[in-house]
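These notes concern the structure reproduced below.
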Amino acid sequence: MKKNILITGGAGFIGSHVVRRFVNRYPDYQIINLDALTYAGNLANLTDLETTENYTFRKCDITNVADVEAIFKEFKIHSVIHLAAESHVDRSITNPIDFVMTNVVGTVILLNAYKQYGEAADGRFYHVSTDEVYGTLGDDGKFTETTPYDPNSPYSASKASSDHFVRAYHETYKLPVVISNCSNNYGSHQFPEKLIPLMIHNIKNNKPLPVYGKGENVRDWLWVEDHASAIDVIFHEGRIGETYNIGGNNEWKNLDLVHKLCEIMDRKLGRPAGKSLELITFVTDRAGHDFRYAIDASKLENELGWSPSVAFDQGFEKTIDWYLENEEWLEGVTSGAYQSYYSEHYDHR
Ligand code: NAD
Ligand code: TYD
């Protein structure tokens, strides 16, 4: 008998990589991808799986109790890997309610459904979360699993809240849960509201590169495929009730990262060296902008033997190549509603 594994948010950036990995590596799993297909969800991310036997898609909003329960009744769900979320900090600043609804209420609806209808004694509810729940760091130190939660943005507050509900369902109802908190991901299929694909798209189109503040904020970048491999190992071998931090040990100041991107893009686009640097424009900083994120992933490395597979230079080049080679995808997601999003967030910044 195949195990039915429900992956939520599988049409998004990270979710599509996780779905593909699980469908391809585990023929004994039936992967059910539950996704509402918001602006960030795109079935074009998964066209290669459309006719694959152990893959099923269901369009469903996790805030709709009846629709979620119907899926749990239709399939005997062994385990859940929960990625569906509103994920962009800037959108959370302009519209926090959407984040409470999907990230907090939606997560509790899924927990309830798993508690009521989850089928297997050896199953688990895996919540995919972010390092942003820990707040911000100064120049030194790293987040560990015992760093106190201290979220600053509506996005991170909603993810922190959902983590707490997942823990609470473990303590209160003995639900078998596991949580991971990961640093910033980069890679193919990321919606171009996030730093790297937004800058790639703008460089390509000779548009200004909006760097918030002075560009001194620091992020710890991990290749999305390495996040997917960490999720795989934690899902299968992580201890119930535990949290694991995931990170790439790869810190970059935003401005340095944008400089590197400009250099590579000039080379790939056959532009004179330094040309794209002229597009850099410093804009009003993000409200409540966390200064630095850095992850200590030693628990995951020591306990479960995980480590990132790709050096940043290699992963970054691959990523840039993907966006340049997949013009149709990039143009598709940047037409229509993206234009009004971009105007609203950047025109008068
Ligand atoms: P994304 O925005 O690219 O994708 C989110 C997916 O969730 C989309 O497919 C969307 O359609 C779906 N979704 C949104 N609301 C929904 C709802 N109400 N019902 C059902 N589906 C809904 O996000 P991502 O970057 O792939 O992030 C995935 C998960 O990983 C999130 O939980 C996020 O908090 C977490 N995370 C992201 C990063 C990162 O760098 N992107 C880092 C750490 C953790
Ligand atoms: P982002 O990709 O939105 O991820 P997060 O806020 O979750 O870390 O942003 C990464 C960093 O880049 C963050 O410090 C904000 C900055 N940034 C810009 O400077 N300009 C931009 O247009 C965007 C989207 C982000």
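The values are calculated or read from the model by the stated rules, or taken from the named source; none is laboratory data. All values reported here derive from a predicted model rather than from experimental measurement. Counting neighbours? That spans all protein chains shown, and the Cβs are built from the backbone with ideal geometry, glycine included. What goes into the accessible areas is simple: the full protein's heavy atoms, side chains included, and nothing from ligands, DNA or RNA. Shrake-Rupley method; radii C 1.70, N 1.55, O 1.52, S 1.80 Å.
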Fill in the blank from the handout: Between Asp61 and residues 5 or more places away or on another chain, the pairs with built amide H atoms under 5 Å apart involve none
Problem - Inter-site label distance for Ala337 and Lys115 at 7 Å from Cα along Cβ, in nm - result: 3.1
Exercise for the section: Give the angle, between 0 and 90 degrees and rounded to the nearest 10, that separates the Cα long axis of helix 254-269 from the longest principal axis of the Cα atoms of the chain. Expected result: 70
Problem - the stretch 165-177 - phi-based ³J(HN,Hα) in whole Hz, Karplus 6.51/-1.76/1.60, Gly and Pro as x - result: 5, 4, 4, 4, 5, 6, 5, 7, 10, 6, 5, x, 10
Exercise for the section: Report, in degrees rounded to the nearest 10, the 0 to 90 angle that the Cα long axis of helix 337-346 makes with the longest principal axis of the chain. Expected result: 60
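For the chain, what is the relative contact order in percent, using Cα pairs closer than 8 Å and at least 6 residues apart in sequence?
16
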Exercise for the section: For Asp285 paired with Ile97, estimate the spin-label separation in nm (one decimal), with each label point 7 Å from Cα along the Cα-to-Cβ line. Expected result: 3.0
Handout entry: Cα gyration tensor category, rounded, prolate or oblate, for the stretch 157-202 with a/c compared to 1.5
Key = prolate
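On the protein heavy atoms, probe 1.4 angstrom, tell me the percent of accessible surface of the chain carried by carbon and sulfur. Walk me through the numbers before you get to the answer.
Working: 7110 of 14500 Å².
Accessible surface attributable to carbon and sulfur in the chain totals 49 percent.
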Fill in the blank from the handout: HN-Hα couplings for the stretch 61-66 via Karplus (6.51, -1.76, 1.60; θ = phi - 60°), in whole Hz with x for Gly/Pro, come out as 9, 5, 8, 9, 4, 4
Fill in the blank from the handout: Scoring only Lys, Arg, Asp and Glu (+1, +1, -1, -1) among other residues with Cβ under 9 Å from the Cβ of Asp220 yields +1
Exercise for the section: Filter the trypsin sites (Lys or Arg not before Pro) in the stretch 253-334 down to the DSSP loop ones having no more than 16 other Cβ atoms within 10 Å, then list what survives. Expected result: Lys275, Arg286
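In terms of solvent-accessible area of protein heavy atoms at a 1.4 angstrom probe, what is the ranking of Thr172, Thr107, Thr147, highest value first? Working shown, then result.
Details: Thr172 90, Thr107 0, Thr147 35 Å².
Ranking Thr172, Thr107, Thr147 by accessible area, largest first, yields Thr172, Thr147, Thr107.
Tell me what the chain gives for mean residue ellipticity at 222 nm when only DSSP H runs of n ≥ 4 count, each as -39,500 (n - 2.57), the sum divided by the residue total, rounded to 500 deg cm²/dmol.
Numbers: 13 runs with 142 residues, N = 349.
The helix-only estimate for the chain comes to -12500 deg cm²/dmol at 222 nm.
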Handout entry: With Cα atoms, 0 to 90° folded angle of helix 107-117 axis to the chain main axis
Key = 20
Exercise for the section: Give me the orientation-averaged projected area of the Cα convex hull of the stretch 232-300, in nm², one decimal. Expected result: 7.7
Problem - Over the stretch 4-74, relative contact order from alpha-carbon pairs under 8 Å, at least 6 apart, % - result: 31
Exercise for the section: Could you compute the FRET efficiency for Glu74 and Lys174, with r as their C-beta to C-beta distance and R0 at 22 Å, rounded to 0.05? Expected result: 0.30
Practice task
Please state the charge dipole magnitude for the stretch 239-337, taken about the Cα centre, from unit charges on C-beta atoms (+1 on K and R, -1 on D and E), reported in debye and rounded to the nearest 20.
Solution key: 180
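Leaving out ligands and nucleic acids, note down the accessible area per residue over the stretch 152-275 with a 1.4 angstrom probe, in whole Å². Can you show the working numbers first?
Working: 4300 Å² over 124 residues.
Value for the stretch 152-275: 35 Å² per residue.
Report the chymotrypsin sites (Phe, Trp or Tyr not before Pro) located in the stretch 1-36 that are in a DSSP loop and have at most 16 other Cβ atoms inside 10 Å of their Cβ, or state none.
Filter output for the stretch 1-36: empty list.
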Practice task
Hey, can you grab everything whose amide H is under 5 Å from the amide H of Ile246? Only 5+ residues off in sequence or another chain; H modelled, so Pro and N-termini drop out.
Solution key: Asn181, Cys182, Ser183
Handout entry: Computed E for Asn302/His348 - FRET, C-beta separation, R0 51 angstrom, nearest 0.05
Key = 0.55
Fill in the blank from the handout: Per the rule of 0.36 nm per residue minus the C-alpha distance, extending Asp321 to Met1 adds in nm 111.2 nm
Exercise for the section: For the stretch 182-191, take each phi angle, set θ = phi - 60°, evaluate the Karplus expression 6.51 cos²θ - 1.76 cosθ + 1.60, and give the result in whole Hz per residue in order, putting x for glycine and proline. Expected result: 10, 7, 4, 9, 9, x, 6, 6, 8, 5
Practice task
Could you list the chymotrypsin sites (Phe, Trp or Tyr not before Pro) in the stretch 122-162 that lie in coil according to DSSP, counting only those with at most 13 other Cβ atoms within 10 Å of their Cβ?
Solution key: none
Completion exercise
Yeah, the stretch 17-118 with a ≥ b ≥ c from its alpha-carbon gyration tensor (a/c under 1.5 is rounded, else prolate when a/b outruns b/c, oblate otherwise) is oblate
Exercise for the section: Scan around Thr281 for amide H atoms under 5 Å from its own, H built in the peptide plane at 1.01 Å from N, and keep only partners 5 or more places away or cross-chain. Expected result: Leu209, Val211
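For the chain, just run the numbers: alpha carbon Rg, then divide by 2.2 N^0.38 Å, N being how many residues it has. Write down the numbers at each step before the final one.
Numbers: Rg = 19.6 Å, N = 349, 2.2 N^0.38 = 20.4 Å.
Here the Cα radius of gyration is 0.97 times the empirical estimate.
Which value, in Å², gives the accessible area per residue of the stretch 3-49 when a 1.4 Å probe is used on the protein heavy atoms?
Numbers: 1460 Å² over 47 residues.
Ligands and nucleic acids excluded, the figure is 31 Å² per residue.
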Fill in the blank from the handout: Of all stretches in the chain that avoid GluC sites (Glu not before Pro) placed in a DSSP loop and having at most 16 other Cβ atoms within 10 Å, the longest is 243-349
